[in-house]
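> Take a look at this one; I'll ask things after.
The values are calculated or read from the model by the stated rules, or taken from the named source; none is laboratory data. Predicted model only: the values in this text are computed from it and were never measured. Cβ atoms come from the backbone with ideal geometry, glycine included; neighbour counts cover every protein chain shown. The area values use the complete protein model at the heavy-atom level, side chains included, leaving out ligands, DNA and RNA. Shrake-Rupley method; radii C 1.70, N 1.55, O 1.52, S 1.80 Å.
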Amino acid sequence: MPATFNDLIDLMDRLRSPSGCPWDREQTYATLAPMLLEEAYEAFDAVEEARSGRPDELRDELGDLLFQIIFYAQVAKERGEFTIADVTDSIYTKMVRRHPHVFGDVRADDSATVLLNWEAMKAEERRIAGKNEELNASLLDGVSSKAPSLMEAHQLSTKAARVGFDWENVTAIFDKLHEEIEELQIAIHDHTSSPDETHHARVREEIGDLLFVVTNIARQMQVEPEAALKLTNRKFRRRFRYIEERLRERNQKFEATALDEMETLWQEAKAIAD
């Protein structure tokens, strides 16, 4: 019989018991935090493997992530704060409440309406919980400033778009993209002429503006920019490794290799791996 969710809970209880594992018993909220983040990123990375027809890695990484959640819940239970049953009950109740078009009488015929209702319900939940007592509370308060920058930009613009603050179409965003490229080129020119901190700060700001616009193109095309860049990073690793392998076969070092030769190998890598 395959192991069940309850089996995993029992396993964690055993690992944390006096007769269990010393390392597992030592873990706390703080020590588990980096591992939770690492497992989330590894699951995120495994999504591309699954999309390419290799789902086993995603299955395993989701298991690792689930184990971290159960680990946290076990620590919380020992602290007398909540249990894994409280976690599942909380998310179950929230999902039913947030889907009144499925479990209630609300009409929502398209995704845009669903998302608009979702934001309204979240705002009401915050009001009831007393989290929006400040007069200057923002719709964007729910976006963590600790998230990776591309992910944060994507979430910020998504929140704003749900209430109508958005470009009419992707063509309009490309117009903004060209505008930002021109502004960056001017900033780079000014910095080259006078390389002081003020001009360097402007270059940094313009690069940020450019990246933010690109994330909006991704959002309009329903592409998660963090995932898109991760895929490109993996592609770069694969192609660069090809160059390294070919040079090793020739007993040739990078310092003795012309850029044109490396570009030729890069193009070979593109043709083979992509």
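> Ignoring ligands, DNA and RNA, what percent of the accessible area of the range 202-274 is carbon or sulfur (1.4 Å)?
Details: 2740 of 5020 Å².
The C+S portion of the solvent-accessible surface of the range 202-274 is 55 percent.
> If the label point is 7 Å along Cα→Cβ of Asp110, which residues in the range 207-246 have backbone nitrogen under 15 Å from it?
none
> So, for the range 1-131, what is the accessible surface per residue at a probe of 1.4 Å, expressed in square angstrom?
66 Å²
> Once the Cα gyration tensor of the chain is found, what semi-axes does its equivalent ellipsoid get, as square roots of 5 times the eigenvalues, in whole Å, sorted largest first?
40, 32, 20
> Now for a different question. Taking every pair of distinct Cα atoms and averaging 1/r, then inverting, what Kirkwood hydrodynamic radius in Å comes out for the range 185-274? Please report the intermediate quantities before stating the final value.
Details: mean 1/r = 0.0615 Å⁻¹.
When all Cα pairs of the range 185-274 are included, the Kirkwood radius is 16.3 Å.
> Moving to a separate point now. For the range 94-106, in order, what is each residue's ³J(HN,Hα) by Karplus, 6.51 cos²θ - 1.76 cosθ + 1.60 with θ = phi - 60°, in whole Hz (x at glycine and Pro)?
Taking θ as phi minus 60°, the curve returns 5, 5, 5, 5, 7, 10, x, 6, 9, 9, x, 10, 6 Hz for the range 94-106.
> I've got another one for you. Can you check what the net charge comes to around Glu57, using other residues whose Cβ is under 9 Å from the Cβ of Glu57 (Lys, Arg +1; Asp, Glu -1)?
Counting the neighbours of Glu57, the net charge comes to -4.
> Something else about it: Which of the chymotrypsin sites (Phe, Trp or Tyr not before Pro) found in the range 43-116 are in a DSSP loop and have at most 15 neighbouring Cβ atoms, other than their own, within 10 Å?
Here the chymotrypsin sites (Phe, Trp or Tyr not before Pro) that fit, given the DSSP loop and packing criteria, are Phe82.
> Excluding residues fewer than 8 places away in the same chain, name every one of the lysines whose C-alpha is closer than 23 Å to that of Lys146.
By straight Cα distance, Lys146 reaches Lys122, Lys131, Lys159, Lys230.
> Label Ile186 and Arg127 with points 7 Å out from Cα along Cα→Cβ: what is the distance between them in nm?
Computed distance between label sites Ile186 and Arg127 equals 4.3 nm.
> A further question follows. Based on the Cβ-Cβ distance of Trp266 and Leu32, what FRET efficiency does E = 1/(1 + (r/R0)^6) give at R0 = 41 Å, to the nearest 0.05? Let's see the in-between values first.
Details: r = 41 Å, r/R0 = 1.01.
It comes to 0.50.
> Let me ask you something else. Within the chain, what's the longest run with no trypsin sites (Lys or Arg not before Pro) in a DSSP loop and at most 16 other beta-carbon atoms within 10 Å? Give the range, please.
147-249
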